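The values are calculated or read from the model by the stated rules, or taken from the named source; none is laboratory data. In this text the structure is predicted, and so the values were computed from the model without any measurement. In this analysis, Cβ positions are derived from the backbone assuming ideal geometry, glycine residues included, and neighbour counts consider all displayed protein chains.
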Amino acid sequence: MSYIILNGEIVSGDNPRLNVDNRAFNYGDGLFESMLLYKKKSIHFEQHLERLHFGMDALKMRSNPYLQLERFQNLFQELVEANEMETAKVRLSVYRNSKGYYKPESDDSSMIVQMKSLDSEPYKINEQGLSSGICTVYRKSFDPWANFKTSNALGFVMASIEARDSGVDELFILNTAGRLCESLSANVFLVKGNKVFTPSLSEACLAGTMRERVAKIVHDLNMEIESRPLEARELYDCDEVFLTNAIGGVRWIGSYEDRRYYNSVAKRVSEELKKSIQ
């Protein structure tokens, strides 16, 4: 039996708990965070919670009382013990409570925490470089909530289907201005010489917790890191391309169309990440 947190209570996750009026289900009216649990400890816990609160403010949701840091930490640790997991992917979801149609009757929120056990070694970089291309079915818009993970992820679902059907591992998502934004589930970094570039948050990319961590690591490796608008054509001009997210750490791109890439910087960053959680 697996357990979840539902509004401060640890309950069985094997039975349905959401009713048909749930606004996350009906309208995508919610947010979520994906976190890594390693050795029974949540990695970058406070940063994830902070981003979630910023996102709730952007969506005009009232914070759930169980999301106060100390209270949530204690509750989460109870969940870890109940599920007897050492390493897991954790999903923290919040959604607006109320009924109503597009216009909600209230802005109060509920929260759910789920866990899924992981067998793979955390932050282990891929041996084989990933194949990649440009997504054609979806472009990300410059919404006030673009930097957060919302429950309405249809664009990424369709982009992932395009990747599956076209036989590539990853697709780069462009914003509506036609510039690089992110990938199917990660932030994007380009390496050229001793400089590393990533799309700025104003380009509608996710404000990834791992994006922030990797930027610091790059700086500590005595490399220049720059956040700025990136044109898609720059994929042809760089030496390396790698992706980052909270669960997978660093994954390197091996090819984009007829372009091939190296992975030395990606490997160095990945090694530093692994050291940080030992």
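Screening the candidates D119, D57 for the property of being surrounded by fewer than 17 Cβ atoms within 10 Å (Cβ to Cβ), within 30 Å of V168 (Cα to Cα) and either within 20 Å of the chain's Cα centre (by Cα) or assigned by TED's automatic domain parsing to the domain that holds R213 (or both) yields one hit, D119.
Taking the criterion of being under 16 Å from E121 (Cβ atoms), surrounded by fewer than 15 Cβ atoms within 10 Å (Cβ to Cβ) and not charged (D, E, K, R), no residue of the range 255-275 qualifies.
Checking each residue in the range 35-52 for being outside any loop (DSSP other than H, G, I, E, B) and buried (at least 16 other Cβ atoms within 10 Å of the Cβ) picks out M35, L36, L37, Y38, S42, F45, Q47, H48, L49, R51, L52. Looking across the range 88-107, the residues that are surrounded by 13 or more Cβ atoms within 10 Å (Cβ to Cβ) and either closer than 17 Å to T150 by Cβ or modelled with pLDDT of 95 or more (or both) come down to A88, K89, V90, R91, L92, S93, V94, Y95, R96, N97, P104, D107.
The residues of the range 197-219 that are part of a strand (DSSP E or B) and out of contact with any Asp or Glu (no Cβ under 7 Å at 6 or more places or on another chain) amount to a single one, T198. Among the residues of the range 153-183, the one identified as within 19 Å of A246 (Cβ to Cβ), touching a residue at least 40 places away in the same chain (Cβ under 8 Å) and touching a Phe, Trp or Tyr at 6+ places or on another chain (Cβ under 7 Å) is S183. Take the residues of the range 59-71 that are in contact with a Gly (Cβ under 9 Å, 6 or more places away or on another chain) and outside any loop (DSSP other than H, G, I, E, B): which is farthest from K149 (Cα to Cα)? The qualifying residue farthest from K149 (Cα to Cα) is R71. Scanning the range 220-235 for residues that are in contact with a Leu (Cβ under 9 Å, 6 or more places away or on another chain) and part of a helix (DSSP H, G or I) gives A232, E234, L235. L184 meets the conditions (1) in contact with a strand residue (DSSP E or B) (Cβ under 8 Å, 6 or more places away or on another chain); (2) over 18 Å from F156 (Cα atoms) in every case but one. The failed one is (2).
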